[in-house]
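The values are calculated or read from the model by the stated rules, or taken from the named source; none is laboratory data. All values reported here derive from a predicted model rather than from experimental measurement. With ideal geometry, Cβ positions are generated from the backbone for all residues, glycine too; neighbour counts draw on all protein chains shown. Surface areas here come from the heavy atoms of the whole protein model, side chains and all, with no ligands, DNA or RNA. Shrake-Rupley method; radii C 1.70, N 1.55, O 1.52, S 1.80 Å.
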Amino acid sequence: MSATTLPTPAEGRFRVVRALASGWWLLLLRGVASILFGIFAFLAPGLGLAVILGVLAAWLALDGIFTLWQAATGRSATPLPGPARPHSGWLWVDGLLSLVAAVVLMAMPIASAIILVLLVAAWSIATGIFRIVLAWRSGSWLLGLWGAIGILIGLWLAAAPGAGLLALIWVVAIQAVVGGVLLLSLAFRLRRIHHDPTPG
């Protein structure tokens, strides 16, 4: 076989899945952090604006850090031939978006509720799009479902920003719990692939 022979679509998809599987535990951590934030928001939805912003920013920052860590380790953890891991670029963008959103929330503590809703809506839509692209590249319907939920919630928040901060916290909490459960399920699936990395 020629050294320049391009991999088939199936081989390319398996390469992405193998790279993701090498960082399955990072997805597990992201899922746990997401569920814990969602439960906290459900139990204490009436906290003051400063506390809500701080907790929301901390969750976004943790999600961004775990995503960037996975992007960095996934690039070198899988000794596969060919170009740089095709999933890494999307993970970098996903993680950076979460970190930027966290910084913006902390830098605007006196922003109005509507501005906060729109900021979260923009973050939810942007990360949802990137997760759907990554799902298509890796063949994971769980990632695709997570991305679709994020886009739908973001669109709803953008269309009705006057719902208020309390409604926003409930919506974000639901998204966090559902996304966390999907991440845990995906992490355990990738863990099996990591320990038995045979195609097909």
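Quick check, is PHE188 at pLDDT 85 or above, open to solvent by 40 Å² or more (accessible area, probe 1.4 Å) and not aliphatic (A, V, I, L, M)?
So PHE188 fits the description; yes.
Give me a count of the residues in the range 65-116 that are open to solvent by less than 40 Å² (accessible area, probe 1.4 Å), within 14 Å of LEU26 (Cβ to Cβ) and modelled with pLDDT of 55 or more.
Here the count works out to 11.
With respect to LEU145, determine if the residue is out of contact with any helix residue (DSSP H, G or I) (no Cβ under 7 Å at 6 or more places or on another chain) and either open to solvent by 60 Å² or more (accessible area, probe 1.4 Å) or at pLDDT 80 or above (or both).
In short, no.
Quick one: is ILE125 assigned to a helix (DSSP H, G or I), open to solvent by 60 Å² or more (accessible area, probe 1.4 Å) and at pLDDT 80 or above?
no
Assuming LEU155 fulfils every condition listed in (1) modelled with pLDDT of 85 or more; (2) buried (at least 18 other Cβ atoms within 10 Å of the Cβ) apart from one, which condition is it?
(2)
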